[in-house]
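The values are calculated or read from the model by the stated rules, or taken from the named source; none is laboratory data. Keep in mind that what you see is a predicted model, and the values were worked out from it rather than measured. Note that each Cβ is placed from the backbone with ideal geometry, even for glycine, and that neighbours are counted across all protein chains shown. Ligands, DNA and RNA are stripped out before the accessible areas are found, and what is left, the full protein with its side chains, is counted by its heavy atoms. Shrake-Rupley method; radii C 1.70, N 1.55, O 1.52, S 1.80 Å.
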Amino acid sequence: MLLENRVAVISGAATENGIGLATARLFAEHGAAVALLDLGRQHPDQVASTIGKAHKGYVCNVTKKDECESVARQIVEDFGHVDVLINNAGITQPIRIMDVKPENYDAVLDVSLRGMLYLSQVFIPHMISRGKGSIASTSSVSALTGGGFFGGPHYSAAKAGMLGLTKDMARELAPKGIRVNAVAPGMVDTDIRGDLMSKETFNKILSTIPLGRIASPREIATVFLFLASDLSSFVTGATIDVNGGMFIH
Ligand SMILES: NC(=O)c1ccc[n+]([C@@H]2O[C@H](COP(=O)([O-])OP(=O)(O)OC[C@H]3O[C@@H](n4cnc5c(N)ncnc54)[C@H](O)[C@@H]3O)[C@@H](O)[C@H]2O)c1
């Protein structure tokens, strides 16, 4: 049990096959109480109850500062404290540079980057008051390679922005006892791509992965478990690659 008596908040956590829910389940197995955040259409409250009584779901659009603020107040009231924040909400769009319209830019940057900023901002004062905390966020291998498998250039930019924000927050918050890290997954077996990727493209990508397969959501969750727990007590400002060798640098 690596997270006994810990409270973890995870955004984008209520989609059945997603990285967020896999992380919530794994954290629960390790003794944490988990607050699952997601859009209303994902019914986070119902999903949380499938993990167990100790867990709660909250509707929160991470692009809205006021929603982040009110949900943070409610979570601290409900659970008493928060130890871990996982910024995982994200969307992607497989389009090319000249097709990125202002609304595409806003949609993709807002969920990943603005969402990470807002949700972190609403929990940081609480973590500072306790002198401890761990924040980890879901970036992407796209941030490091310049895309190459699914998302557009605005997705790569959003995910790269998250790495810059992670490093800056890590530097500023280390003296307060808060660690801040990022995970950069390669291709993961979730529903985020919808049916927008052809079998041919999928197989082409597969051929670039030395381990010869894509990741399960749980294989990303285990890295978040490491970052959330004391196993990573001297790790901050890091980006952890979880890509089956797709990008070795
Ligand atoms: N699947 C992959 O191959 C892959 C690879 C690298 C990075 N990622 C990243 O992993 C994260 C999780 O994605 P996933 O693959 O599990 O897909 P997913 O679609 O299952 O998860 C994304 C979650 O974010 C939620 N979300 C979207 N907009 C939101 C908003 N405004 N506020 C709150 N929640 C919102 C969705 O409802 C969903 O639950 C994303 O940030 C994604 O960019 C995924």
Label D189 and L2 with points 7 Å out from Cα along Cα→Cβ: what is the distance between them in nm? 2.1
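Between K65 and R213, 0.36 nm times their residue separation minus their Cα-Cα distance comes to what?
Numbers: separation 148, 0.36 × 148 = 53.28 nm, distance 3.81 nm.
Gain on extension, K65 to R213, equals 49.5 nm.
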Quick one: longest stretch of the chain between exposed loop trypsin sites (Lys or Arg not before Pro), exposed meaning at most 14 other C-beta atoms within 10 Å and loop per DSSP? 133-212
Report relative contact order for the stretch 58-191 in percent, whole number only (criteria: Cα-Cα under 8 Å, sequence separation at least 6). 27
Work out from phi, with θ = phi - 60° and the Karplus expression 6.51 cos²θ - 1.76 cosθ + 1.60, the ³J(HN,Hα) of each residue of the stretch 144-158, listed in order in whole Hz, and give x for Gly and Pro. 9, 9, x, x, x, 10, 8, x, x, x, 5, 5, 4, 5, 4
Using R₀ = 25 Å, calculate the FRET efficiency as 1/(1 + (r/R₀)^6) where r is the Cβ-Cβ separation of Q121 and T222; round to 0.05. 0.35
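Given a 1.4 angstrom probe, what's the average accessible area per residue across the stretch 7-240, in square angstrom? Before the final figure, lay out each step's value.
Working: 10540 Å² over 234 residues.
With the other protein chains kept in place, the stretch 7-240 gives 45 Å² per residue.
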All lysines inside 24 Å of K64 as judged from Cα atoms, apart from same-chain residues fewer than 8 positions distant: K56, K101, K159, K167
Write down the Kirkwood hydrodynamic radius of the stretch 14-132, to one decimal in angstroms, obtained as one divided by the mean of 1/r over all alpha carbon pairs. 15.2
Say each of H249 and I91 gets a label point 7 Å from the Cα, pointing the same way as Cα to Cβ; how far apart are those two points in nm? 2.7
Among T145, S198, N17, whose Cα sits farthest toward the positive end of the charge dipole of the chain (+1 at Cβ of Lys/Arg, -1 at Cβ of Asp/Glu, about the Cα centre)? T145
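Within the stretch 40-93, report the GluC sites (Glu not before Pro) that DSSP leaves as loop and that have at most 12 other Cβ atoms within 10 Å. Could you put the intermediate results ahead of the total?
Numbers: sites: E67, E69, E77; in loops: none.
Passing both the DSSP loop test and the Cβ count: no residue.
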Using alpha carbon centroids, what distance separates the stretch 1-74 and the stretch 174-216, in Å? 21
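Quick one: pull the percentage of alpha-carbon pairs in the stretch 7-240 with a separation above 23 Å. Working shown, then result.
Details: 12242 of 27261 pairs.
The proportion of pairs with Cα distances above 23 Å equals 45 percent.
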Between helix 217-228 and the chain, what is the angle of the helix's C-alpha long axis to the longest principal axis, kept within 0 to 90° and rounded to the nearest 10? 40
For the stretch 1-52, the accessible surface attributable to carbon and sulfur atoms (probe 1.4 angstrom, ligands and nucleic acids excluded) amounts in percent to 45
